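For reference, the structure discussed in these notes is given below.
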Amino acid sequence: MTPIDPITLEVVTEGLISVVREMRATVFRTARSVAIYEARDFSCGLFDARGQVVAQSEDIGSHVVPLPWSVEASLARMGNDLAPGDVIVMNDPYLGGTHLNDVTLIYPVFHDGRLVFFPAVREHWADVGGAVPGSMSGSATEIYQEGIRIPPVKLVEAGKVNRAAMEILLSNMRVREERLGDFNSGLAACRTAERRIRELIARYGIDTLLAGVAGNIDRSEARMRAQIAKLPDGEFLYEDWLETFGPAPGYRLEPLRLPLRLTITGETLTADFTGAAAQAPAPVNSTLAVTAASVFITLKSVLDPKQALNQGSFRPVTVVAPEGTIVNVTHPAPAGSHGEIRKRVIATMLGALAQACPELSSADIHRTSFHNLIGGVDPATGKEFVHYEWSSGGNGGFAEADGPSAMAAVDWGDLSTVQPTEVLETRFPLLVEWSRQATDSGGPGRTRGGLGMRRALRLTRGHATYSLLADGAMVPPFGVLGGESGACVGSYARRDGADHPFPTPGKVGGHRMAADDVVVLQSAGGGGYGDPTERAPEAVLEDVEEGYVSSAMARAVYGVEIVDGAVDAAATVALRAAIRDARLSLVAVATEAERAYEAVGRGTKRVAWLHPDDAARLGLAEDAMVELLGPRGAPLRAWLRCAAATTRGTVPVDPFAARVLGGSPGTPLWIRPVLRATLG
C-alpha cells in the first residue's frame, strides 16, 4: 500500500465526498419525480471494487447503509462479466435491496483495465407496478403485489441501453415517462461521478487515491471501536412489536415480537435478533440489509454523529438476524416494510442503549416511514399520476433538549419531510386543505417528544385509490426514564362531512376515492425523556402558549396548573405531588417465561398479570395496553390480564423483563396505562 500523509489523506477523502455531492446535485436538477427532486428521496454513494462504502454526503442513511449488500450481490452475480460502459440496475429486496420502489443503478469504473470504483444511485421511483398505484400496499400478502422485482441485470452494456429490457420494466410501471426520466437522472449522476473520479486519478494517481480510501476506512473503524469501548460491557435486552391484524370481522391486533440482545464486549458489539417473529404474509417484513443498516445507523448517530460515514464504522459490529423472520425475509413474503422494520430496529436499539448509555440515547422516534399513496388517472390530462406522501413525525426527547417536530429522523438524512403544497397542487389533482403540527402528539417528559404532523388532502377531480403502509397505529412510540408515549400514527377518510376510520389501522390497500373525498393523515409523535412532572413549569406554559400541549395535558400529565395565562406555583407543587402519589407501584415476583407471553393468531402478546383490584386501581379493562417501568431505561409494553390468583400488589416478571427493567424479585415496579392523547 502506498504511504499517505495526513494532509493528503484528508484532501483525498474530501475529494471523494465531493464526487458524491456532485452526483446528488445532478439528480436534483434532472429527475422527473416530485419524490426525488422536491422531497429528496434518493441517495448517492461511492464504493470500492469490493463493495465497501467509501464516501457519502448528506444522503439518506436508510438508502446508503444497505447499499453495500446490493453492490456485493451484483458482484457475486456478474463480477467477472463487467466492462467499461456497463450499468447494473436492481431493486430485489432478497438480494440486498430495501423495498421494490428503491431502484438502484450501480456503475463500474475501470482504470487501466482494473475495476476501481462503483458510483451508485438509489432512487425511490414513485411506482414500480403492483396491485396499487405507488406499489406499497398495506394489504399485500406476497411480493408480487408490490411491483416488479429486478435482480441485478445489465440495463446498459458497453454504453448502450438494452431497449428490450427497458421496455419490459417501463411496461410494468405506472407513469412511464417519470420512470424513464428518473433512470436518466441516475445514469447522468453516475457518469458525472466517473468524470470526477478520473480527474482525481489524474491529480493524485490511482495508488494514492486507493491508499486514501483504505486509510479513511481504517480511521473510521478505529474511531467507532474507541466509542464502543466507552460503553459498559454486558448484555442489554429489549423488545418491540409490529402490527398485523386477524381476519374480518373485528380485525383483532396480532402483534409480532421483535426481541434484541445487544452484547458489548470491549470495542466490539453484537446485535442479535434471534427469536424475532417468523415472516408473515403481510407488509411487516424486511431484509437483512435493512436490519443491519438500522443497527449501524443507530450506533453512528448515538456514538459517532459528527464524522462522515464509511465502511469502517461497520467493522466492529456484528448483526444476527435469522433467515425467514421479519428481520431477514425470504421469498415470497412481502418486503415493502423496510421503513417500518428499520424504525422498529432503531427502537429496540434505543431501548437497549437507554440501559447502557441513557445520557447519549433518546426516546423512541416516530415508528414508521408512513407511506401514503394516492394515484389514478387525472381527467383533466388523461394521464396517470401517483403521489407519494410521507408526513414526518416527531423525534424522541433526549437529555439536552426536546425532540424535533415533524422532522426527518436519524435514518432519513436530509430528506424533505413536508412536501410543498404548491408543487402537489400543480402536479396532481389534489388540494392540501391544511397542514399543522398535532397538539399533544409529542410524548410528555422532562424533555418532550417532538410533535407529529396532521395533513388533509382532498381529491379535486376524477377517481383515485388511497393506500397506506405504516406501523405504530396501535403501539405508540415509547418514552424513556419515565417519559410518556408519543401519539400513534393514524389516517381516516372523510366523505360528505363524515369521518370513516379504516378497519386495519395503518394498513390500507386500494381505498377508492371520488372527487371531493378527503384523507386526513396523522404521523406519530416522539417519546418523552424523563418524568413529565420534572419538566420546568415555564417550559410547559410556553408549550401551551405555542399550541404544542393542551391545557388539559399540562394539568393531567405534567402537573402544571395554569391560571390566567400564568403558572400557579403552589398549586403546581401540590398537583405534581398528587400525580406521583397516585402512581401504581407493584412488587416484582418471579415467573417463568412461558407465562409472560400468549399466542394471538399469528402473533404474540406479552401479558401483565394483575390482581383484579390492582387493575381496577388503574381503571383499565382486560387486554388494555400497559407499560412496566423499572429504575432505568425504557418501559416494556404488555397487555393486561386479570387473575385473582395473582397476589394483590404484585406483578409477575419473567427473566427477560427483569433484565430489561433492572428489577429482581422484590423490586418495586411502576405500572401505568399507555398514554393515548386526544389530538388537536
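Since every read-out is calculated from the coordinates, none of them should be taken as a lab result. Not measured: the values here are computed from a predicted model. Note: ideal-geometry Cβ built from the backbone for every residue, glycine included; neighbour counts use all protein chains shown.
Stretching residue 11 away from residue 456 to a fully extended chain increases their span by 155.4 nm, per 0.36 nm per residue minus the current alpha-carbon distance. With θ taken as phi - 60° and the Karplus curve 6.51 cos²θ - 1.76 cosθ + 1.60 applied, the whole-hertz 3J(HN,Hα) list for segment 40-52 is 6, 7, 7, 8, 10, x, 10, 10, 8, 5, 9, x, 6 Hz, x standing for glycine and proline.
Summary of the geometry: segment 13-92 and segment 305-358, compared by the centres of their Cα atoms, lie 20 Å apart.
Please work out how much length the chain gains when fully extended from residue 235 to residue 571, using 0.36 nm per residue of separation minus the C-alpha to C-alpha distance, in nm with one decimal.
On the way: separation 336, 0.36 × 336 = 120.96 nm, distance 4.37 nm.
Answer, rounded to one decimal: 116.6 nm.
For a protection proxy built on the mean count of beta-carbon atoms within 10 angstrom, sort 437-448, 548-559, 620-631, 150-161 highest first, please. Mind dumping the intermediate values first?
Working: 437-448: 29.2, 548-559: 21.2, 620-631: 17.9, 150-161: 16.2.
So the order, starting with the most tightly packed, is 437-448, 548-559, 620-631, 150-161.
Here the simple spin-label model places points 7 Å from the Cα toward Cβ, and for residue 80 and residue 514 these points are separated by 6.3 nm.
Given the peptides 423-432, 463-472, arrange them by the average over their residues of other C-beta atoms within 10 Å, most packed first.
Details: 423-432: 16.5, 463-472: 26.4.
Top to bottom by mean Cβ count within 10 Å: 463-472, 423-432.
Applying a length cut-off of 30 Å (Cα extent along the axis) and a mean Kyte-Doolittle floor of 0.5 to the DSSP H helices of the chain leaves 6-30.
Under a model in which nothing but the beta-carbon of Lys, Arg (+1) and Asp, Glu (-1) is charged, segment 6-219 shows a dipole of about 400 debye around its Cα centre. Normalised by 2.2 N^0.38 Å, where N counts its residues, the alpha-carbon radius of gyration of segment 166-240 equals 1.94.
Which value in Å does the Kirkwood hydrodynamic radius of segment 583-680 take, with 1/r averaged over all unlike C-alpha pairs and then inverted?
Details: mean 1/r = 0.0740 Å⁻¹.
Computed over segment 583-680, the radius equals 13.5 Å.
For segment 213-290, the alpha-carbon coordinates run over 59, 31, 14 Å along the three principal axes, in decreasing order. Panel values: segment 350-442, Kirkwood radius from alpha carbon pairs, Stokes-Einstein at 10 °C and 1.306 mPa s, translational diffusion coefficient 102 µm²/s.
Whole-Hz Karplus values for segment 634-649 come out as 9, x, 9, 8, 8, 10, 5, 10, 9, 8, 4, 6, 6, 5, 4, x Hz, taken residue by residue from phi with 6.51 cos²θ - 1.76 cosθ + 1.60 and θ = phi - 60°; glycine and proline positions read x.
Return the FRET efficiency for the residue pair residue 171, residue 222: r is the Cβ-Cβ distance, R0 is 41 Å, and the value is rounded to the nearest 0.05. That pair, residue 171 with residue 222, gives E of 0.25.
Against the empirical 2.2 N^0.38 Å scaling, what ratio does the C-alpha Rg of segment 6-219 come to? Write out the running numbers ahead of the final one.
Values: Rg = 16.9 Å, N = 214, 2.2 N^0.38 = 16.9 Å.
My calculation over the Cα atoms of segment 6-219 gives 1.00.
So how far, in whole Å, is the C-alpha centre of segment 611-647 from the one of segment 173-207? If you average the Cα positions of each part, the centres end up 56 Å apart. Rg/Rh, computed from the Cα trace of segment 252-403 with Rh as the Kirkwood radius, has the value 1.04.
May I ask you to list the residues of segment 360-384 whose amide nitrogen lies under 16 Å from a point 7 Å from Cα along the Cα→beta-carbon direction of residue 435? Of the residues in segment 360-384, 370-374 have backbone N under 16 Å from the label point off residue 435. Which whole number in µm²/s is D for the chain by Stokes-Einstein, with the Kirkwood Rh taken over Cα pairs at 10 °C and 1.306 mPa s? It diffuses with D of about 61 µm²/s by this estimate. Could you tell me what fraction of 2.2 N^0.38 Å the Cα radius of gyration of segment 463-620 comes to, as a two-decimal ratio? Relative to the 2.2 N^0.38 Å estimate, segment 463-620 comes out at 1.37. Using the average count of surrounding beta-carbon atoms within 10 Å as a protection proxy, the listed peptides 533-543, 388-398, 55-65 rank, highest first, as 388-398, 55-65, 533-543. Taking label points 7 Å from Cα along the Cα-to-Cβ direction, residue 425 and residue 602 give a separation of 4.2 nm. Note on residue 648 and residue 552: their simple-model spin labels are 3.3 nm apart, each label 7 Å out from Cα toward Cβ.
Paramagnetic label reach from residue 160 (point 7 Å along Cα→Cβ; backbone nitrogen cut-off under 19 Å): within segment 61-81, residues 81.
Once backbone amide H atoms are built at 1.01 Å from N, residue 515 has 462 as its partners under 5 Å, excluding neighbours fewer than 5 places away on the same chain. Entry note, segment 6-219: relative contact order of 25 percent, from Cα contacts under 8 Å with a spacing of 6+ residues.
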